[in-house]
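Colleague: Below you will find the structure I want to go over with you.
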Amino acid sequence: MNNRKLAVLLSGRGSNFIAMYEAIQRGDLDASICCVISNVPEAAGLRKAREFGLVTHCIPSKNLQREEYDRKLVATLRPHDPALVCLAGFMRILSPVMIRAFPRRILNIHPALLPSFPGLHAQRQALQYGVKVTGCTVHFADEGVDTGPVILQRTVEVLEGDDEGSLSARILEQEHQAYWRAIASVLDAMGSAACGTR
Ligand code: GRF
């Protein structure tokens, strides 16, 4: 399979998207970004995507039911024919409409070692629980919240005196290494499957 196109969905600063973009620019990740979509018009990540000259779409989610929103999302994504849809800080729970449109082709990154600490404020949850090791997880998105098969994880030690900010920053460094590597391995596996060389 030669399609190595990525669609990126984000809602905020977009540092994972930027790390992905930079990995492509360096030649570490053999892929291209076909579009960047945000539900937040003023998202810094969306602005950055425009600066990079990428195709962007803003689909505001205000006043829309989850399924209604996801139908718009699917309709926007389809013409781009992405191999993978990469959630990079996309702050919406996907409905079955979206998940079933791209089965096993939607990836997410989460700032904890799933299945520990799913949902919001994963770093705060880890600190409150008192774990000594946490990290990040890249996984396939399924119909649950932060469930779905794990693709890659990286660990981060929780240090004495860590607060949410310091721990989040160290986890983020690992996220930026993990996401593009996970994407590369999934694209490679999809390519091998398509060639029947598995
Ligand atoms: C990251 O911590 C990611 O794990 C989580 O949302 C955050 C997005 O950060 N899903 P950024 O927008 O990529 O900088």
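No lab work stands behind these numbers, since they all come straight from the coordinates. Note that the structure is predicted; figures quoted are calculated from it, not measured. We place every Cβ from the backbone using ideal geometry, glycine too, and count neighbours over all the protein chains shown.
Colleague: Cross-link candidates for Lys5: which lysines have Cα within less than 25 Å, leaving aside residues fewer than 8 places away along the same chain?
Modeller: Counting by Cα, and skipping residues close in sequence, Lys5 has these lysines nearby: Lys48, Lys72.
Colleague: Between Gln177 and Glu68, what is the spin-label point distance in nm, taking each point 7 Å from the Cα along the Cα→C-beta axis?
Modeller: If labels sit at Gln177 and Glu68, their model points lie 4.5 nm apart.
Colleague: Something else about it: Suppose every Lys and Arg Cβ carries +1 and every Asp and Glu Cβ carries -1, with no other charges. What dipole size does the chain come out with about its Cα centre, to the nearest 20 debye?
Modeller: The dipole of the chain has a size of about 620 debye.
Colleague: Just want the ordering: Thr147, Thr134, from fewest to most Cβ atoms lying within 10 Å of their own Cβ.
Modeller: Thr147, Thr134
Colleague: For the chain, set up a GNM with springs between Cα atoms under 10 Å and report which of Ala126, Ala75, Ala83 has the largest fluctuation.
Modeller: With Cα springs under 10 Å in the chain, the top fluctuation among Ala126, Ala75, Ala83 is at Ala75.
Colleague: While we're looking at this one, here's another question. Within the chain, which is the longest segment that contains none of the GluC sites (Glu not before Pro) sitting in a DSSP loop with at most 16 other Cβ atoms within 10 Å?
Modeller: That would be 43-142.
Colleague: Now for a separate question. Rounded to the nearest 0.05, what FRET efficiency do Ser166 and Arg26 give with R0 = 35 Å and r taken as the Cβ-Cβ distance? Could you check?
Modeller: Rounded to the nearest 0.05, the efficiency is 0.80.
Colleague: Which whole-angstrom value gives the distance between the alpha carbon centres of the range 25-44 and the range 155-198?
Modeller: Taking the Cα centre of each part, the range 25-44 and the range 155-198 sit 16 Å apart.
Colleague: Under the Karplus relation 6.51 cos²θ - 1.76 cosθ + 1.60, θ = phi - 60°, what is the ordered set of whole-Hz ³J(HN,Hα) values for the range 112-120, x standing for Gly and Pro?
Modeller: With coefficients 6.51, -1.76 and 1.60, one gets 6, 8, 5, x, 6, 6, x, x, 6 Hz.
Colleague: Here is a follow-up. For the chain, give me the percentage of DSSP beta bridges that are antiparallel, rounded to the nearest 5 percent.
Modeller: Approximately 40 percent, going by the DSSP bridge assignments.
Colleague: Among Gly161, Ala88, Leu127, whose Cα sits farthest toward the positive end of the charge dipole of the chain (+1 at Cβ of Lys/Arg, -1 at Cβ of Asp/Glu, about the Cα centre)?
Modeller: Of the listed residues, the answer is Ala88.
Colleague: Skipping prolines and chain starts, which residues have an amide H placed within reach, meaning under 5 Å, of the one on Ile37, given they are 5 or more residues away or on another chain?
Modeller: Val8, Leu9, Leu10, His57
Colleague: How much mean residue ellipticity at 222 nm does the chain get from its helices, if each DSSP H run of length 4 or more adds -39500 (n - 2.57) and you divide by all residues, to the nearest 500 deg cm²/dmol? Walk me through the intermediate numbers first.
Modeller: On the way: 6 runs with 78 residues, N = 198.
So the calculated ellipticity at 222 nm is -12500 deg cm²/dmol.
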